[in-house]
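This report concerns only the one structure given below.
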Amino acid sequence: MYTRQTLSLFLILFFHLGFAASGDITTVVSHDSTELTWYGSYSETTSFPNQSKEYQQILMDFTLGCSSGGCSHWDYTVQIQIGQPTGRFDSTIAQLDTISQNPLQIDTVWNAPFEIIEWFELGRMITPYGNYMDYAWGGNSHGFDETWKKTWTYDVTMMEPLLHGDKPVRVFFSGWPQQGRGFSAKVDFRFIEGVPAKRVRNIQKAYSGGAYNNSAQFESDVVPPKNLDIEAPFADLRMIVTGHKQDGEFTPIKYQVNANSTFLREELLWRDDCSENPLSPQGGTWIYNRANWCPGDAVEEHWFDLSDYVQNGSLALDVDFDAYTPPNGEASYTISGYVFEYQKIQRLYDVVLDRIVTPSIDSELKTISSTNSTFNFDRYAATICKNPMVRIKNMGNKTLNYCQIEYGVIGGFSFYYEWQGSLEFGESEEVELPIMDWSGLDTNNPVFFAEVSFPNQLVDQFQHNNRKESSFELPQVFADGDLTLRLRTNNQPQENSYTLIDDEGNVILDEQNFSGSSNNDKTVTLQNGCYKLEVLDTDNFFFGGGDIGGDGLSYWVNTQNNLETAGFFEIRQTGGGRLLYFDPDFGHKITYEFMVGEALHQQSNPPLPGSEPEHADVEEVTINGVNYYHMPDSGLYFTEVGVGSTPEEALNIAPDAEIDPVQISVFPNPNNGQMQIQIQHDKAQTAQVYVRNVVGKLILTERIPVNNTYTLNLNGKASGIYFLQFEVAGEVITRKVSVAH
């Protein structure tokens, strides 16, 4: 374990040798189209990087496809695991020979000894029902065939201590396919250089299992209380839990985590959104809600912060499941629970562009496009013509209250959005961005980009995770806006509704209360522009006691068992033929955006791009071979690991670089538009103040002195509530004032 002195020396050396390489990516391939055709382990020895570099993030891409014999028709659990040699050895018996009966003497012949490997789970997913991908079953159905592939990405950064040197990686496949059918697996790791947010020092396996006969047995055998020795000052618990067999799969139960007899949080083991799975439709019961999993999707992880409960190097951990007696005695839970011990969060300010949600052809967000003649559009559009959406994430120790988002298309204009909110470390938020001008894009390869910056109006300490780009498909254009929307209902019309909204948010149609087993037509005349259609099927019969899902307009279970008839939804030219036909096996929702009269990049009245918001000056400097970001007005220096008033302070890890407290007074409050501001701080000389109205619009910004009284004048501004956002010495502090003239 590093002492504080040796850790600081390590960081100085790291910056001299490796700072310029931050953001570089090393790719390691573990499995390459390995065939999963029978229950068991599929292991590959994998050469990971040595420990000479640090990695800000490690991502694992798991790609699933069909085996050479075709895709299996069933949903099976797949676990991707890393093996850790223990230094202990064992053997198995090769032969037993009886030498004498009285007394009994047996000569034992042993196989060659082998080293015991401890396995740690990196990620888990459930295979889809692969009927539609199987030619023998009528493949190329619903747009799928045996060439189908899909990739899920897992963040395995916290597993970094195990991902070095030559290690076995295995894909554990819990399935028994028939007739040569199965799946193929590809596993790739991406090591992104840079200082990690948390330096993990140790990983302990707390729970695994397990069979469920009754609550007492399960608590005793699978999740007993644990007393753990903790070496590092901070710790997190990661739980991956899925329920299986008839009662375990379709029964929602809860579990809670307690640390030192203190309740932390409760989690419900239940996915209530399976009918919105982008990988759909599937040949089986893909729409049914289940115990923390859906067929054809990754399994969620649950994280718990244990840091406040580590006392004198120890922690009492207790995971309690609801008391539950399986009605048919058929339940089991696949559990992996690990405790990660780590140094404190390394950066103060680090905002991440985590994902471009839309527009994107990201395989995690979009189902496979239909290529046959029956259906010509998916449940979810990969394209949009209205508001882009991105997901941002805070990986800094400071609460994130502000960041700038720049976005647009490659070859076009940049647009800017100032996000405000509150995100703690590790928290994320999906942000809908204002509509934009799409002109200038390459129509043969349209690419959208988004980039985040200026967390809390300051420097982002790790800028290599700030930007993403995504290819996307241009939305369909209808030349004529005279359209007829036809809903052919099944015999349960009360389950259906749909809306049509224009690019200004006006509701053009809001339709419900249909006649059953009939064509329900609605004719509209649409002006040139962008429109969003959403078709819903809502049904509360699913497992889980009142959870809302949907079974679309034609679901095989319903039609085969005479529970529902078949319907469909299509867009027609009024007085003409069909323009668009949607797959009726869509589960809960169809979302589709389209253009009328003009293409996305040829709109006649696009929004103006505007100018980039103003921020404090930032300069890049190199001192003694080390790169820094410097904010001249505040005098602060920023590196990947620290913030300080001197370059030396900025080379310390973030906990050692906490900035002196700022004292701010605003008086009188309420006032008539004139107010006095006093800011006290030992080191800063000036501060920036941003004045925003109650809806967040910036109306005034001024540079004001520190350790003096300053008069701020809002005369001429309307009476009301205003927010004064002060940026001083690395802190962003907000005060609310009331102005009444």
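The figures follow:
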item: Residue satisfying all of: in the range 297-330; touching a Lys or Arg at 6+ places or on another chain (Cβ under 7 Å) and in a loop (DSSP other than H, G, I, E, B); nearest to Asp155 (Cα to Cα) among these; result: Glu301
item: Among residues of the range 651-689, those that are under 30 Å from Ile345 (Cα atoms), modelled with pLDDT of 85 or more and either of a type in the set (A, V, I, L, M) or assigned to a loop (DSSP other than H, G, I, E, B) (or both), counted; result: 4
item: Hits in the range 215-234 (condition: loosely packed, with under 14 Cβ neighbours inside 10 Å and either assigned to a helix (DSSP H, G or I) or out of contact with any strand residue (DSSP E or B) (no Cβ under 8 Å at 6 or more places or on another chain) (or both)); result: Ala216, Gln217, Ser220, Asp221, Pro224
item: From Glu406, Glu430, residue being open to solvent by 50 Å² or more (accessible area, probe 1.4 Å) and either touching a residue at least 40 places away in the same chain (Cβ under 8 Å) or part of a strand (DSSP E or B) (or both); result: Glu430
item: Which listed residue, of Glu121, Glu146, is open to solvent by less than 50 Å² (accessible area, probe 1.4 Å) and in contact with a Phe, Trp or Tyr (Cβ under 9 Å, 6 or more places away or on another chain); result: Glu121
item: Tabulated pairs, the range 38-59, first within 29 Å of Gly175 (Cα to Cα), second among the hydrophobic types (A, V, I, L, M, F, W, C) and surrounded by fewer than 16 Cβ atoms within 10 Å (Cβ to Cβ), C-beta under 7 angstrom, 6+ apart or interchain; result: Trp38/Trp176; Tyr39/Trp176
item: Any pair with Cβ under 9 angstrom, 6 or more apart, that starts in the range 493-516 at a residue that is under 15 Å from Gly567 (Cα atoms) and ends at one that is open to solvent by 70 Å² or more (accessible area, probe 1.4 Å) and in a strand (DSSP E or B); result: Ser497/Asp510; Tyr498/Asp510; Tyr498/Lys522
item: Test: residue in the range 692-711 that is in contact (Cβ under 8 Å) with a residue 40 or more places away in the chain, assigned to a strand (DSSP E or B), surrounded by 19 or more Cβ atoms within 10 Å (Cβ to Cβ) and out of contact with any Gly (no Cβ under 8 Å at 6 or more places or on another chain); result: no
item: Tally, over the range 457-512, of residues that are under 32 Å from the mean Cα position of the chain (by Cα), within 16 Å of Asn528 (Cα to Cα) and not in a loop (DSSP other than H, G, I, E, B); result: 5
item: Criterion (in contact with a Cys (Cβ under 6 Å, 6 or more places away or on another chain), open to solvent by less than 10 Å² (accessible area, probe 1.4 Å) and touching a residue at least 12 places away in the same chain (Cβ under 8 Å)) met by exactly one of Leu553, Leu636, Leu600; result: Leu600
item: Test set (1) of a type outside the set (Ser, Thr, Tyr); (2) at negative phi; (3) in contact with a helix residue (DSSP H, G or I) (Cβ under 7 Å, 6 or more places away or on another chain); (4) at pLDDT below 95 - Ala259 fails condition number; result: (4)
item: Qualifying residue in the range 589-610 (condition: farther than 30 Å from Tyr417 by Cβ and polar (S, T, N, Q)); result: no
item: Near pairs, Cβ below 7 angstrom, 6+ apart or cross-chain, from the range 579-595 (within 15 Å of Ile287 (Cα to Cα) and open to solvent by less than 10 Å² (accessible area, probe 1.4 Å)) to any residue that is modelled with pLDDT of 90 or more and aliphatic (A, V, I, L, M); result: Gly587/Ile287; Ile590/Val535
item: Conditions (1) open to solvent by 30 Å² or more (accessible area, probe 1.4 Å); (2) within 22 Å of the chain's Cα centre (by Cα); (3) among the acidic types (Asp, Glu); number of the one not met by Glu330; result: (2)
item: Residue match in the range 296-309 (condition: over 19 Å from Tyr207 (Cα atoms) and either open to solvent by less than 10 Å² (accessible area, probe 1.4 Å) or among the aliphatic types (A, V, I, L, M) (or both)); result: yes
item: Qualifying residue in the range 718-738 (condition: at pLDDT below 85, over 15 Å from Leu636 (Cβ atoms) and outside any strand (DSSP E or B)); result: no
item: Test set (1) charged (D, E, K, R); (2) more than 30 Å from Gln688 (Cβ to Cβ); (3) part of a strand (DSSP E or B) - Lys386 fails condition number; result: (3)
item: Of residues in the range 463-476 being modelled with pLDDT under 95 and more than 23 Å from Glu620 (Cβ to Cβ), the one surrounded by the most Cβ atoms within 10 Å (Cβ to Cβ); result: Phe472
item: Selected residue (only one of Thr86, Thr45, Thr27 is surrounded by fewer than 16 Cβ atoms within 10 Å (Cβ to Cβ), assigned to a strand (DSSP E or B), at negative phi and at pLDDT below 95); result: Thr86
item: Some residue of the range 471-478 being of a type outside the set (S, T, N, Q) and closer than 24 Å to Ser141 by Cβ; result: yes
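One line per residue, one yes/no per condition, for (1) more than 26 Å from the chain's Cα centre (by Cα); (2) part of a strand (DSSP E or B); (3) farther than 30 Å from Val641 by Cβ; (4) not charged (D, E, K, R):
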position	(1), (2), (3), (4)
Asp188	no, yes, no, no
Gly210	yes, yes, yes, yes
Asp236	no, yes, no, no
Gly243	no, yes, yes, yes
Gln246	yes, no, yes, yes
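Okay, residues lined up against (1) open to solvent by 30 Å² or more (accessible area, probe 1.4 Å); (2) closer than 22 Å to Tyr132 by Cα; (3) in contact with a strand residue (DSSP E or B) (Cβ under 7 Å, 6 or more places away or on another chain):
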| position | (1), (2), (3) |
| --- | --- |
| Glu570 | no, no, yes |
| Gly577 | yes, no, no |
| Asn605 | yes, no, no |
| Glu620 | yes, no, yes |
| Ile623 | yes, no, no |
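The values are calculated or read from the model by the stated rules, or taken from the named source; none is laboratory data. Just so we're clear, the structure is a prediction, and the values are computed from it rather than from any experiment. Don't worry about glycine lacking a Cβ; one is built from the backbone with ideal geometry, like all the others, and counts go over all protein chains shown. With ligands, DNA and RNA removed, areas are computed over all heavy atoms of the protein, side chains included. Shrake-Rupley method; radii C 1.70, N 1.55, O 1.52, S 1.80 Å.
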